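Below you'll find the structure, written out as structure tokens, and then a few comments.
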Amino acid sequence: MGRSLKLYVLLAATLSSFLTPFMGSSINVALPVIGREFQIDAILQTWIPTAYLLAAAMFSVPFGRLSEIKGMKRIFIYGNAIFFISSLLSALAPNAIFLIIFRLLQGIGSAMMFVTGLAILTRVYPPMERGKVIGINTAAVYVGLSLGPVLGGALTHYIGWRSIFLVTVPITLLVIFIMSRVREEWADAKGEKFDLGGSISYSTFLFLLICGFSLLPDTKASILLIGSIITASIFLWIELNNSSPVFNLRLFKNFTFTFSSLAALINYSATFGVSLLLSYYLQYIKGLTPNIAGLILVTQPVLMALVAPVAGRASDKFNPQKLAGLGMAIISVALFSLTFINPRTPLSMIFASLAVLGIGFGLFSSPNTNAIMSSVEKKYFGIASATVSTMRLIGQSFSIGIVTLILALILGRVKIAPSNFNLLLQSTHISFSVFAILCFIGIFAAMARRKESD
């Protein structure tokens, strides 16, 4: 591959990998302000990030497969265009319902961008350079997470939360321009039939699962969860009897692929809700402004961004499963420390916990992604990339769902006010306890992959 092609692809994929987490982390900081403007309760507030994650999770696998048939570059460019349009619409949203709808559209664009960006990178760079570029790409994710709280908090405080969406517009236009200069196209499954039935059943299964989980303990949740089990069964039947499935389930016969994917799911389920919980804690209980809260929250992703490239390069030389397992163990310690926060907790303790969390996440993510992508044949890079994205997005959705469930059980559907700050803090303690237990279990999933011999 030509050097210019590699650089174009790396730049475009890195910029798009920055955008998707930036939107997630920046909006979390703005949620209290959005809640006050639209006069909505804490439960509806959580649907603003959940809608984005839900749509991205639903469409990652279908677009991962479609990109293999129609072309990765094409889907990547279309995804950026959808992201561009939905960002403008979100900035103009007149109420919370419209904002949630536009966030769903933005999630679809995000899915198209993320699954193809990583797949193209893996396609262009040879195995001996793969860990390095995945580390750079992962660092871009963490830079997005880093700048999200800082820029999101500053923009919300000084200009307004709508400006968060507007700053992404020029970046998407730049990505589209860069990729339009790339002549190559990648479609390893060109001519194969697209599995529409499998795609619909897969997306429906995830929609019912995540919506049902987020609505617990409401009685509607049980109906949705039963529906998700039925559609999951239909999906499995379709995929196992399809010569050109949207998701090749036989990939899960690969020990490394299976346990790396499971570890990623557990990791994101245990960590994504941290910024939301601490945003509430810092702004409601500590009384800090969005920009100050953002500056504190930046500690975690900054350390991630510093550690991820180093861990990525290390995973080319050392066992990536061991590195990922070590990262998961460090994260567990950080999450456990956050179960003790109270109104008098010094900010230095929050900084320290977030720093440890960032180091652990940086050690985990790049080696884990390298393990997944290196465990499959080249023709499966698209679906493997989609799996990485899907595990991340489902995990993030579950993480917000756990927070939503605990808030519903402890706080209820009420606006957050000083009279119920004690219940908000109690919800925070329970959430961090659940996250710490999840991550502890994840250590065993990560370390189990060391038994892989092929």
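What the table shows:
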item: Reciprocal of mean inverse Cα separation for segment 195-243 (Kirkwood radius, Å); result: 10.8
item: Tensor-based shape of segment 239-318 (alpha-carbon gyration tensor, a/c under 1.5 rounded, otherwise prolate or oblate); result: oblate
item: Sorted by Cβ neighbour density within 10 Å, fewest at the top, the residues Ile85, Ile48; result: Ile85, Ile48
item: Residues of type lysines that Lys322 reaches as a straight line, Cα spacing below 30 Å, ignoring anything fewer than 8 places off in the same chain; result: Lys6, Lys132, Lys253, Lys378, Lys379, Lys451
item: Computed FRET value (nearest 0.05) for Trp237 with Gln426, which takes r as the C-beta separation and R₀ as 56 Å; result: 0.80
item: Candidate lysines for bridging to Lys286, where Cα separation is under 18 Å - those fewer than 8 sequence places away on the same chain excluded; result: Lys415
item: Residue order, fewest to most beta carbons within 10 Å, for Met112, Met447; result: Met447, Met112
item: Exposed-loop-free span, longest in the chain, where trypsin sites (Lys or Arg not before Pro) count as exposed if DSSP calls them loop and at most 15 other C-beta atoms lie within 10 Å; result: 1-180
item: Zone residues, segment 50-80, relative to Glu185, backbone N less than 13 Å from point 7 Å out along Cα-to-Cβ; result: 67-78
item: Segments 354-361, 87-94 sorted - mean Cβ within 10 Å per residue, highest first; result: 354-361, 87-94
item: Three-way shape call for segment 35-89 based on the alpha-carbon gyration tensor, with the a/c threshold at 1.5; result: oblate
item: Using alpha-carbon coordinates, inclination of helix 3-38 to the longest axis of the chain, degrees; result: 20
item: Acute angle (nearest 10 degrees) that the helix 421-448 long axis makes with the longest principal axis of the chain, alpha-carbon atoms; result: 30
item: Global form of the chain, assessed from the alpha-carbon gyration tensor, a/c cut-off 1.5; result: rounded
item: Relative packing of 196-207, 266-277, which averages over residues the other C-beta atoms within 10 Å, highest first; result: 266-277, 196-207
item: Sequence-distant residues sharing a close amide H with Ile341 (under 5 Å, placed H); result: none
item: Folded to 0 to 90 degrees: helix 255-271 orientation relative to the chain principal axis, Cα; result: 20
item: Reach of Lys317 by Cα under 13 Å, taken over aspartates and glutamates that are not fewer than 8 positions away in the same chain; result: Glu129
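Since every read-out is calculated from the coordinates, none of them should be taken as a lab result. Keep in mind that this is a model prediction, so the values were computed, not measured. Cβ sites come from the backbone with ideal geometry, for glycine too, and all protein chains shown count toward neighbours.
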